[in-house]
Amino acid sequence: MSETVIEFKAVDKWFGKLHVLRAVDLAVSVGEVVVVCGPSGSGKSTLIRCVNGLEAIQGGELVVLGESITRPGVRMPALRTRVGMVFQSFNLFPHMTVLQNITLAPVRVKGLSAAEAEKTARALLERVRIPDKAAAYPANLSGGQQQRVAIARALAMQPRIMLFDEPTSALDPEMINEVLDVMTDLAKDGMTMMVVTHEMGFARRVAHRVVFMDGGSIVEEAAPEAFFAAAQSDRAREFLSKILTH
Amino acid sequence: MKRLLSMLVAVALLAAAVPVFAETTLEKIARTGTLTIGTRRGSPPFGFVNKSNEWVGFSIDLVEQAIKPVIEKKLGKPIRVEKKESTPATRIPLLTSNAVDLVAETTTDTRPRRESVDFSLTFFVTGAQFLVKKGSPIHGIQNIAGKRIATQQGSTNARILRERVPGAQLREFPDQPAAFQALAQGQVDAYTNDGIQLAGLKAKAPNPADWEIVGDFYSYEPYGMAMRKNDSDFRQVVNVGLMEAIESGKYAELYEKWFGAKGEVPYPLTPENKRFLQMQVVPK
Amino acid sequence: MNYQFQWGVLWSGQSGSWLLQGVLTTLGISALAWILAAALGILSGALRTVPWRPLRAAAVFYVEFFRNVPLLVWMFFWYFGVPPLLPRPVQDWLFNHGAEFWAGMFALGVYHGARMSEVIRSGIQSIPRTQFEASMAMGLTTFQAYRLVIVPIALRLIVPPATNESLNLLKNSSVALTISVAELTFQTRQIETYTAKAIEALTAGTLIYLVLCVSIAAVMAWVERRFRIPGLIARGG
């Protein structure tokens, strides 16, 4: 059995009185691509935001890369250098060029020299297929280009896990594929990925496993072929019928 | 930028044109029934707020008891005296802007000032000295070099010290209370002002015995009342009021009230000052 | 009772050198106070947005305490209130070495720092929270996130209101004349004392303040263009 890199053990999470994660158990192995889906408000974004500590949990235990992040005194910044994250709204820093966005953390957190960081950054831009945009500012890029820079920025820290929080939801349809293609490449290279998305085509082609959430609980998890062919729960079937026919 | 410039020029021209509305001070008093004076709230005993919260003083009494009756006689009707606060920095603008008609406080008559305003007869004579803590090494202008000396902004003393003792470190405060505070706390080593002002300050201090007024007069400070320039009819009634008071003994009575042994600030009238005042009174 | 204008008083005698000294003092005290205000404003403005309550409370206290008391009172506080807390020889040394200037500078800087803080806080709060999350997600510490991302963006957003505050600071430096700082307004009054020409002296002072303010506004407009965030619409241009 391969190494487990993310493990939720009966994790509970509240926003005030709202119980958003209810005793969630989930394990992700190294190299695995897990797509998390579910209706809005189901807790799927919260789930992956817990992995790098953007959300604190109130019950249970969460182990990431062998470290229990609920343990007091754990150094979150150090953990976060090994867990990359891509947001729905790109979140590039508007006052920096593409290159500066990508080299910021390697230089400031990892202590790389500017030259080394730049070399890596240019290689990553090559990999996300926009090598000519290094000097551009985020505002001068299309949404798809911005999201690919965001992926390059996350990869610059050489993370062992990548989290994607609805990476294509803010994109115009014609740009969705350029981002999904980059993500597919990444999956092929063996990156461990948790992806919150409604792109069921991507899930079908790339994911090793689909996790369906509703009301703060994991309702169903299965290999994509099984999930899309014959979801076990009514809620999953209802969700799929809505999302696939719209 | 060009528009800004032309706007400024327009404002300057307007400012220059304002005095076209020519009404003499006596006409203004007749029309409004009010003589507005600028005086002090914190310069005992010339103008100050006393313990029962009344705004009183020697300069104010001179206006109300010596000058007001003469104006009333001249205009043939009763008038009121209204008081406004003036300070060394504001008294001349207050006059030129018509906000007050007469500045009756502690203004020293000087030649440059006479280019902007007119002065009445001299109604009080004093000179600059120093207020120090008892036992201070400062005994007069001869040993203030290198010392920190508080003066009042807009007074003539700073100017004289700057010329005569360039080594003194002057600290200029807008009013007496701030200057006295600085002296009490040691920000400065001495506070210089007209001797009579220092006497007033000392008399009102919590412990008058802690303070000493030292040094010979290093300046001559004849106090006059200031008026707008070139209004000789008004100046005439002000001067007549003062002369009649000196002649009749009213002045002496008021002097005794404020500067006598039981007055607010004991400061006996020297024979030569008394003679000087009398010499200013021209024949009827 | 016509007022006789004599503009010559402004360049006869020592008036010219007094005005120059006044301008230099005004610029000196304002520049130092501005640096202090900017530092305090950025620090407390940032602290008001951090996810830790005691720091936020401390910053709120600073802002409300200092901006709600008149500047004049702060001038007296720093000049009359603070020195007695020091040993007597230190006091004497200070009083011999421009205590007035430094007290005035602190009063001005700390007071305007509290006002600057509000400007910076509003700038920070106008940045989407996800920018902060993105910084954290790449491994920056909270301090680094503020220093490298949040504050630099906020500073670019707040140039117009910060210009306004800077001009207020410059003009408020005249309050320092109450504690014997010989700045521009003090010197115009001095000219008035010597020459009894109030309107000329005031006009000179007013024009100099106007020139200083217009120059500062021009510099700030340049800063705004130079550091504007690409894609945001630049004002003025």
In whole Å, how far is the Cα centre of the range B:90-105 from that of the range C:166-204? 19 Å
Hey, rough spin-label estimate for residue B:114 and residue A:170, points 7 angstrom out along Cα→Cβ, what's it come to in nanometres? 8.0 nm
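Taking a 23 Å limit on the Cα-Cα distance, which of the listed pairs B:68/B:257; B:51/B:134; B:83/B:284; B:73/C:197; B:133/B:204 fall beyond it? Don't jump to the answer; show the numbers that get you there.
Numbers: B:68/B:257 19 Å; B:51/B:134 27 Å; B:83/B:284 31 Å; B:73/C:197 34 Å; B:133/B:204 15 Å.
Over 23 Å apart, Cα to Cα: B:51/B:134; B:83/B:284; B:73/C:197.
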The computed P(r) of chain A puts the percent of Cα pairs beyond 22 Å at 54 percent
For a Förster distance of 51 Å, can you work out the FRET efficiency between the beta-carbons of residue A:30 and residue C:77, rounded to the nearest 0.05? 0.20
Compute the distribution of all C-alpha to C-alpha distances in the protein assembly as shown, in bins of 10 Å from 0, and list the percent of pairs in each, rounded to whole numbers. 2, 11, 16, 16, 12, 9, 8, 9, 8, 5, 2, 0, 0
In what sequence, highest mean first, do C:141-151, C:182-192 appear when ranked by Cβ atoms within 10 angstrom? C:182-192, C:141-151
Rounded to the nearest 20 debye, dipole of chain C from Cβ charges on Lys, Arg, Asp, Glu: 780 debye
Please state the charge dipole magnitude for the range B:128-214, taken about the Cα centre, from unit charges on C-beta atoms (+1 on K and R, -1 on D and E), reported in debye and rounded to the nearest 20. 120 debye
Could you give the size of the charge dipole of the protein assembly as shown about its Cα centre, using +1 on the Cβ of each K and R and -1 on the Cβ of each D and E, expressed in debye and rounded to the nearest 20? 640 debye
Assuming 0.36 nm per residue, please report the length gained on full extension of the stretch residue B:184 to residue B:261 beyond their Cα-Cα distance. 25.1 nm
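If Rh is defined by the Kirkwood formula over all Cα pairs and Rg also comes from Cα, what ratio Rg/Rh do you get for the range A:143-188?
For the range A:143-188, the value is 0.94.
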What number does chain B give for Rg over Rh if you use C-alpha atoms and the Kirkwood radius? 1.00
Given A:59-65, B:51-57, A:231-237, the highest-first ranking by average Cβ count within 10 Å works out to A:59-65, A:231-237, B:51-57
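Would you compute, from DSSP H runs of 4+ residues alone, the mean residue ellipticity of the protein assembly as shown at 222 nm, taking -39500 (n - 2.57) per run and dividing by the full residue count, rounded to the nearest 500?
-14500 deg cm²/dmol
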Protection proxy ranking, peptides B:58-65, B:195-202, A:70-77, average beta carbon neighbours within 10 Å, highest first: B:195-202, B:58-65, A:70-77
With Rh as the Kirkwood radius over Cα pairs, the range A:124-227 has Rg/Rh of 0.99
Placed amide H near residue A:36: partners under 5 Å, 5+ positions off or other chain: A:195, A:196, A:197, A:211
Could you tell me the center-to-center distance, by alpha carbons, between the range B:31-53 and the range A:47-71 in angstrom? 76 Å
State, to one decimal in nm, how far the label point of residue A:135 lies from the label point of residue C:214, with both points 7 Å from Cα in the Cβ direction. 3.8 nm
Take every residue in peptide C:186-195, count the Cβ atoms of other chains within 10 Å of its Cβ, and give the average of those counts. 5
What net charge is computed for the residues neighbouring residue C:46, neighbours being all others with C-beta under 14 Å from the C-beta of residue C:46, Lys and Arg scored +1, Asp and Glu -1? +3
Spin-label model distance (nm) - residue B:273 vs residue A:123, 7 Å beyond Cα toward Cβ: 9.5 nm
Could you pull out the trypsin sites (Lys or Arg not before Pro) across the range B:71-172 that fall in loop regions by DSSP (anything but H, G, I, E, B) with no more than 13 other Cβ atoms inside 10 Å? B:134
If you take the C-alpha gyration tensor of the range B:147-284, multiply each eigenvalue by 5 and take the square root, what semi-axes do you get, largest first, in whole Å? 32, 20, 13
Shielding by partners - mean other protein chain Cβ count within 10 Å, residues of C:128-136: 6
Cut-off 20 Å (backbone N to label point 7 Å along Cα→Cβ of residue A:75), residues of the range A:82-113: A:82-85, A:104-113
Using +1 at the Cβ of each Lys and Arg and -1 at the Cβ of each Asp and Glu in the range B:127-231, identify which of B:201, B:166, B:140 lies farthest towards the dipole's positive end. B:166
Is there a simple number for the mean count of other chain Cβ atoms within 10 Å of the Cβ of residues in C:139-145, and what is it? 6
Among bridges DSSP assigns within the range B:128-214, what percent are antiparallel (round to 5)? 55 percent
Over all pairs of distinct alpha carbons, what does the Kirkwood formula give as the hydrodynamic radius of the range B:128-214, in Å? 12.5 Å
What are the lysines whose alpha-carbon lies under 27 Å from the alpha-carbon of residue A:17, with same-chain residues fewer than 8 places away excluded? A:9, A:44
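What Kirkwood radius, in Å to one decimal, follows from the Cα pairs of the range C:11-227? Walk me through the intermediate numbers first.
Working: mean 1/r = 0.0527 Å⁻¹.
That comes to 19.0 Å for the range C:11-227.
Coordinate-derived values only; no laboratory data. It should be emphasised that the depicted structure is a prediction, and the values quoted were computed from it without experimental measurement. Quick reminder, even Gly has a Cβ in these numbers, built from the backbone with ideal geometry, and neighbours come from all protein chains shown.
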